[in-house]
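For reference, the structure is listed below as structure tokens.
The values are calculated or read from the model by the stated rules, or taken from the named source; none is laboratory data. Quantities reported herein were computed from a predicted structural model and do not represent experimental measurements. Using ideal geometry, Cβ is built from the backbone for each residue, glycine included, and neighbour counts are taken over all protein chains shown.
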Amino acid sequence: MARAASAPKKEISMEEALWKSADKLRGSVEPAEYKHVVLSLFFLKFASDKFEAQRKAISEKYGE
């Protein structure tokens, strides 16, 4: 038996997809507690960027 054609999925914007993902990650955490999670993620991104820049500088100076 042939399958019925499914309705085309609505494309969502990147912003909408990120917002939905944040809602799923947030779960039942209170906003006052969620800020600690977000601030920690910002710090980890900052540290990662600084590490990568330093790694690149050392790699250029001394080679791989």
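Remarks
- The single condition among (1) outside any loop (DSSP other than H, G, I, E, B); (2) at pLDDT 80 or above that Y34 does not satisfy is (2).
- Leading residue by the ranking (modelled with the highest pLDDT) among those in the stretch 1-23 that are exposed (fewer than 10 other Cβ atoms within 10 Å of the Cβ) and either among the charged types (D, E, K, R) or under 12 Å from the mean Cα position of the chain (by Cα) (or both): E11
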